[in-house]
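Structure first, then comments.
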């Protein structure tokens, strides 16, 4: 089973619960419609990785604030890259089919270490740099669905087990990447940097 580091402990997520279309400007960026309810999909444990692989020229990076769950509530925070086979997803969307082939493949949830968090959710923000250039930024205020709303919605139909991770959605600025690209992900609580992670895209 694939694991993540949480405050020096090894944790096994049974699943990654992903929130789609949670930032308005990203919805417009991909020419999608604003959903009438929260979009939820899962990645399996086999998607978890601490390595950013290069798959092909149509694979897209999406930076996200991630939450680690214990006892049904947020216990930790980390940074994640939700990798997407964009060409496959576009075809599935056209046919009204599920997204798993485009979203749930092995290595598609690239995750940092997680740090304990009991601070103010409204103070959280994320930044993603690609080759030294800021490509994505978002903070709590830009989320359509706030973290506690996500949790209650998910609990309405699915059990959140200890170690499960919620990927809270990506803001505008997603794009394709190349082998050798270097990414730096940051999570801020106000003016304090609490998570820092770096990845260089390597061939599988």
Exercise. Which members of the range 86-124 meet the condition of being touching a residue at least 40 places away in the same chain (Cβ under 8 Å) and buried (at least 22 other Cβ atoms within 10 Å of the Cβ)?
Worked result: 103, 108, 109, 110, 111, 112, 114, 124
For this session: Can you tell me which residue among 52, 83, 68, 142 is touching a strand residue (DSSP E or B) at 6+ places or on another chain (Cβ under 7 Å), closer than 16 Å to residue 173 by Cβ, crowded, with 19+ Cβ neighbours inside 10 Å and in contact (Cβ under 8 Å) with a residue 12 or more places away in the chain?
Result: 83
Problem set entry | Subset of the range 55-65 that is in contact (Cβ under 8 Å) with a residue 40 or more places away in the chain and over 12 Å from the mean Cα position of the chain (by Cα) - its residue that is farthest from residue 176 (Cα to Cα) | 55
For this session: Have a look at 199, 188 and point out the one that is under 21 Å from residue 85 (Cα atoms) and either touching a helix residue (DSSP H, G or I) at 6+ places or on another chain (Cβ under 6 Å) or part of a strand (DSSP E or B) (or both).
Result: 199
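Conditions tested, residue by residue: (1) under 26 Å from residue 140 (Cα atoms); (2) in contact with a helix residue (DSSP H, G or I) (Cβ under 8 Å, 6 or more places away or on another chain); (3) at pLDDT 95 or above; (4) crowded, with 21+ Cβ neighbours inside 10 Å.
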site: 3; (1), (2), (3), (4): no, no, yes, no
site: 30; (1), (2), (3), (4): yes, no, no, no
site: 33; (1), (2), (3), (4): yes, yes, no, no
site: 61; (1), (2), (3), (4): yes, no, yes, yes
Problem set entry | Conditions (1) surrounded by fewer than 18 Cβ atoms within 10 Å (Cβ to Cβ); (2) within 23 Å of residue 114 (Cα to Cα); number of the one not met by residue 178 | (2)
Exercise. Among (1) touching a residue at least 60 places away in the same chain (Cβ under 8 Å); (2) over 14 Å from the mean Cα position of the chain (by Cα), which single condition is residue 159 missing?
Worked result: (1)
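The values are calculated or read from the model by the stated rules, or taken from the named source; none is laboratory data. This is a predicted model, so every value here is computed, not measured. Here the Cβ is made from the backbone with ideal geometry for all residues, glycine too, and neighbour counts use every protein chain on show.
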